[in-house]
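Below: one structure, written as structure tokens.
Nothing in this text is a laboratory measurement; each read-out follows from the coordinates by a stated rule. Quantities reported herein were computed from a predicted structural model and do not represent experimental measurements. With ideal geometry, Cβ positions are generated from the backbone for all residues, glycine too; neighbour counts draw on all protein chains shown.
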Amino acid sequence: MKRINSLAELTAALALLALSALMLINVFARNVIRQSFIGTETLAVYFMIWITFIGAAVIILQYGHVSVDFFLRMARTREGLSRAIGLLTVATALVISGFFIWYGAQLAYQLFMRGGRVATLGISQGYIYAFITVAMVLMFCNALILGWRLLIGDRSSYPGDYLQDDAP
């Protein structure tokens, strides 16, 4: 699973690099050549969506999603509370990613079957939603792994351990 997560991180990094290059090229083209390229804005939006969903899938293992640090700091000294917060995080991630997998797969399938195309790029819209569905499958798997680690008592998987101390 570490290799898959590393590949996902590399994919997100490459998408960010491509997004940056697209925007620089488009700014140059608009200001110097007085012409813009068709589809660059659409492609940039899709890259941003992909980066977001890939990142969400990978950071679940490090509790990188939005959290209330107050509760995590309070849970540092209480193993049961820390474990409960971790399991709540896992349950939430499983429900949300399951929702995205179920409806994303249906939407992608319908778009592939109906022939919905992105006008400026000439590709099926199904690819965009299929990619999101794949990223959510990764998030689901990572949440299952995290949940298993919490259930077997792997202390390194508890959420309070990922906080950094305020003191220097």
Top of Arg34, Arg83, Arg114 by mean-square fluctuation, Gaussian network on the chain, Cα under 10 Å: Arg34
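Could you tell me how many cubic angstrom of Cα convex hull volume the range 1-98 has per residue?
Numbers: hull volume 12.3 nm³, N = 98.
In the range 1-98, the Cα hull volume divided by residue count equals 126 Å³.
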- line: For the range 63-111 (alpha-carbon point model, no solvent) the Debye-based log₁₀ I(q)/I(0) at q = 0.15, 0.24 Å⁻¹ works out to -0.52, -0.86
task: With a 10 Å radius around each residue's Cβ, average the other Cβ atoms per peptide and rank 150-156, 107-113, highest first.
output: 107-113, 150-156
Size-normalised alpha-carbon gyration radius of the chain, reference 2.2 N^0.38 Å: 1.28
